[in-house]
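Scroll down for the structure; my scribbles are underneath it.
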Amino acid sequence: MREAHAGRARHPRETRLCDAGTMSLVIDRVTVATPEIAAFIAAHHAEMDGTAPPESQHALPLDRLLSPRIRFFTGRVDGRIAATGALAVVEDGHEELKSMRTDPAFRGRGFGRTMLGHLLDDAGARGVRRLSLETGRDPFFAPARAMYAAAGFREGAPFGSYLPDPHSAFLTMLLPASSAATTPPHAIMNG
């Protein structure tokens, strides 16, 4: 294992370990469904019930997350899924953040920020220049919107196939031309 330093790019297929206090988050790309992942994604969808009408909820089902144009990741603590995140191609050089979720038992420990950092690194290492996302305006999503704003996302217009929607916030950011990693100095990677 080697320690990652801020500003150093890493290979996007490496496993990332992040020490968040006394726990480590192991992030891996997922290409095959398992019952545990299916249950985690089902819980993600259930959490959004009541936050917006169904036509304004844009979370993808697991089979779509595993499609070739989407890079889907899980973050595990002691073998248990603690967080997920994905990158979906919008167009050449532009990808969308999808299915960002932290298990309620792990919220407030930095695992969402760690997953977001991993996705930013992965996109940057592959030359993606713009990342966008859609999230809800319901108060339930306020912590996520704050996390995205702190990472550099700014509110913008609908993108891709999205239409204007009063229940949706559309955020975007441009990535630097160089693929400088956003890995915090305490992250450790296999490779």
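Please give the per residue accessible area of the range 64-168, computed with a probe of 1.4 Å over protein heavy atoms only, in Å². Don't skip to the answer; put the middle values down first.
Working: 4640 Å² over 105 residues.
The answer is 44 Å² per residue.
Could you state how much accessible area Thr172 has, in square angstrom rounded to the nearest 10, with a 1.4 Å probe and all protein chains kept in place?
40
Please calculate the 1.4 Å probe accessible area of Thr74, with all protein chains present, and give it to the nearest 10 Å².
10
R0 = 25 Å: FRET efficiency of Arg137 with Arg64, Cβ-based, nearest 0.05?
Calculated value: 0.60.
What nm value, rounded to one decimal, do you get for the distance between Asp28 and Glu47 when each label is placed 7 Å out toward the C-beta?
Spacing of the two 7 Å Cα→Cβ label points: 2.2 nm.
The values are calculated or read from the model by the stated rules, or taken from the named source; none is laboratory data. Being a predicted model, the structure only gives us computed values, none of them experimental. When we count neighbours, we look across all protein chains shown, and the Cβ atoms used for this are built from the backbone with ideal geometry, even at glycine. The area values use the complete protein model at the heavy-atom level, side chains included, leaving out ligands, DNA and RNA. Shrake-Rupley method; radii C 1.70, N 1.55, O 1.52, S 1.80 Å.
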